[in-house]
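Visitor: Structure provided below as structure tokens; questions to follow.
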């Protein structure tokens, strides 16, 4: 999908990321904050808008918001306020949302991440606390409202319009998601609606500095789909301006039709006046102390970017591998566990992320869910490093580890004679002599400098030994046999 004039235009993209915080109770009430229960069982007076019900701020939600602010280097406002945002929709029982419009809990901040091999920093305008709405469930003959989610605590993270491509937007969103997971502010399960994104997109001629009207694509819960949606909207706007020089698009709210790969207008864009913001009369100012902020800062874990830097600069991992690990908190923690015993971090990373994750990908489960211990993967890598097993045998052992969860590589090797490496070097030498004698053309090609011929000879020896001969010894023996 492209446009003949695409390269003449610059996209300007900002994201609003709505994140459900993983507190036990809701933002302003004591009802359970959990996903997956029967409809309308986790509801109370406050989150269903009963007359006279008064909200009380969830202190854990405030602490998690402060933790996020510290993680991105934002300024925490010691005094912030809640406001009412009025709108009428079936899933909003009191016809307004309690949010922070005039003075939010935090302002500023930035995140740094990798975008197609390049390190980039994106800035945040502010983030604020608010409560979630309910959920409309559509059926063939009617629609129902589930208020279980109504009142769930949210933090809305509003970036500056600092992204210039769909890939930058996705990388920024993934970086935000990783930070929230590492500080345990949210489960960030996008399928369950814990993290939803709105993208604001405009385009302008390259060299222009003034912003044109924007379109907002609502409620995306997949980074891949968000990239597709942003790309489609960029092309739509470029096409409009190309066909209508001198005019500007009308600001609007859109949804993305995945089948048609098009953005569909839902309604004309509201302004802040349409929401009739005013201070929330039932809540006092939110006051936090510097002492609380300092105590939260001391408890912050190692953050994703700090791990990335350590993996690249100290452990020698590639930037791609380091980013792959930190983007998946559970996988990264498994890597950290294995580092305690593994002698070669780079090889361990490869076996963990490629060999083992590749083997279990279709199952849809994690290593832990399948009962495969990270320490056993580290043990297998150590066996390769020490020359106890060859790479070919190691792959067969890995297959057995998947088939027999919880069994160590050492147990698997001892139980199968085919996995026991050859220790009789005279037997290996005899096989080398035989292979060299039977492949004179490859020997001559190697003498002429063809490396592939040498690799062929190595492969033939490994085939004869069923992968049990140490490759380094095989290479040395072949070179000795070829004058």
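The values are calculated or read from the model by the stated rules, or taken from the named source; none is laboratory data. Everything numeric in this text was worked out from a predicted model, so none of it was measured. For neighbour counting, all protein chains shown are included, and Cβ atoms are generated from backbone atoms with ideal geometry for every residue, glycine included.
Visitor: Condition (residue is assigned by TED's automatic domain parsing to the domain that holds residue 355 and within 30 Å of residue 329 (Cβ to Cβ)) applied to segment 413-424: is it met by at least one residue?
Guide: No.
A quick yes/no check of all residues on (1) part of a helix (DSSP H, G or I); (2) modelled with pLDDT under 95; (3) in the same structural domain as residue 183 (by TED's automatic domain parsing); (4) within 24 Å of residue 75 (Cα to Cα):
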{"position": "265", "(1), (2), (3), (4)": "no, yes, yes, no"}
{"position": "274", "(1), (2), (3), (4)": "yes, yes, yes, no"}
{"position": "284", "(1), (2), (3), (4)": "no, no, yes, yes"}
{"position": "291", "(1), (2), (3), (4)": "yes, no, yes, yes"}
{"position": "323", "(1), (2), (3), (4)": "yes, yes, no, no"}
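Visitor: Go through segment 10-30 and count every residue that is more than 23 Å from the chain's Cα centre (by Cα) and either farther than 23 Å from residue 217 by Cα or surrounded by fewer than 19 Cβ atoms within 10 Å (Cβ to Cβ) (or both).
Guide: 8
Visitor: Would you confirm, using the coordinates I've provided, whether residue 124 is touching a residue at least 60 places away in the same chain (Cβ under 8 Å) and either surrounded by 21 or more Cβ atoms within 10 Å (Cβ to Cβ) or under 23 Å from residue 280 (Cβ atoms) (or both)?
Guide: Spelling it out, it is not the case that residue 124 is touching a residue at least 60 places away in the same chain (Cβ under 8 Å) and either surrounded by 21 or more Cβ atoms within 10 Å (Cβ to Cβ) or under 23 Å from residue 280 (Cβ atoms) (or both).
Visitor: Tell me, yes or no, whether segment 31-50 has at least one residue that is surrounded by 23 or more Cβ atoms within 10 Å (Cβ to Cβ), in contact with a strand residue (DSSP E or B) (Cβ under 9 Å, 6 or more places away or on another chain), closer than 17 Å to residue 100 by Cα and touching a residue at least 60 places away in the same chain (Cβ under 8 Å).
Guide: no
Visitor: For segment 10-23, enumerate the residues that are in contact with a strand residue (DSSP E or B) (Cβ under 7 Å, 6 or more places away or on another chain) and either part of a loop (DSSP other than H, G, I, E, B) or at pLDDT below 95 (or both).
Guide: 21, 23
Visitor: Out of (1) on the phi > 0 side of the Ramachandran plot; (2) touching a helix residue (DSSP H, G or I) at 6+ places or on another chain (Cβ under 7 Å), the odd one out for residue 344 is which?
Guide: So the condition that residue 344 fails would be (1).
Visitor: Under 8 Å between Cβ atoms, which residue pairs at least 6 apart in sequence (or on different chains) link something in segment 73-97 that is outside the structural domain of residue 108 (by TED's automatic domain parsing) with a partner that is modelled with pLDDT under 90 and surrounded by fewer than 18 Cβ atoms within 10 Å (Cβ to Cβ)?
Guide: none
Visitor: Here's a follow-up. Do any strands (runs of 3 or more DSSP E) lying entirely in segment 48-147 carry at least 3 residues that are farther than 25 Å from residue 182 by Cβ, and which ones are they?
Guide: Output list reads 83-86, 96-99, 135-138, 143-146.
Visitor: Return only the number of the condition from (1) in a helix (DSSP H, G or I); (2) touching a helix residue (DSSP H, G or I) at 6+ places or on another chain (Cβ under 9 Å); (3) without any contact (Cβ under 8 Å) to a residue 40 or more places away in the chain that residue 361 does not satisfy.
Guide: Status for residue 361: all satisfied but (2).
Visitor: A follow-up question, please. Restricting segment 259-298 to residues that are within 30 Å of residue 332 (Cβ to Cβ) and touching a residue at least 12 places away in the same chain (Cβ under 8 Å), which is surrounded by the fewest Cβ atoms within 10 Å (Cβ to Cβ)?
Guide: 297
Visitor: Could you name every one of the helices (runs of 4 or more DSSP H) located completely within segment 382-483 that has at least 2 residues being within 24 Å of residue 349 (Cβ to Cβ)?
Guide: Result: 391-403, 409-415, 471-481.
Visitor: Name every residue in segment 68-88 that is surrounded by 19 or more Cβ atoms within 10 Å (Cβ to Cβ) and more than 8 Å from residue 106 (Cα to Cα), in order of residue number.
Guide: Once the filter is applied, which keeps residues that are surrounded by 19 or more Cβ atoms within 10 Å (Cβ to Cβ) and more than 8 Å from residue 106 (Cα to Cα), segment 68-88 yields 68, 70, 71, 72, 80, 82, 83, 84, 85.
Matching residues to (1) touching a strand residue (DSSP E or B) at 6+ places or on another chain (Cβ under 9 Å); (2) modelled with pLDDT of 80 or more; (3) assigned by TED's automatic domain parsing to the domain that holds residue 376:
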{"site": "394", "(1), (2), (3)": "no, yes, yes"}
{"site": "399", "(1), (2), (3)": "no, yes, yes"}
{"site": "434", "(1), (2), (3)": "no, yes, no"}
{"site": "447", "(1), (2), (3)": "no, no, no"}
{"site": "459", "(1), (2), (3)": "no, yes, no"}
{"site": "466", "(1), (2), (3)": "no, no, no"}
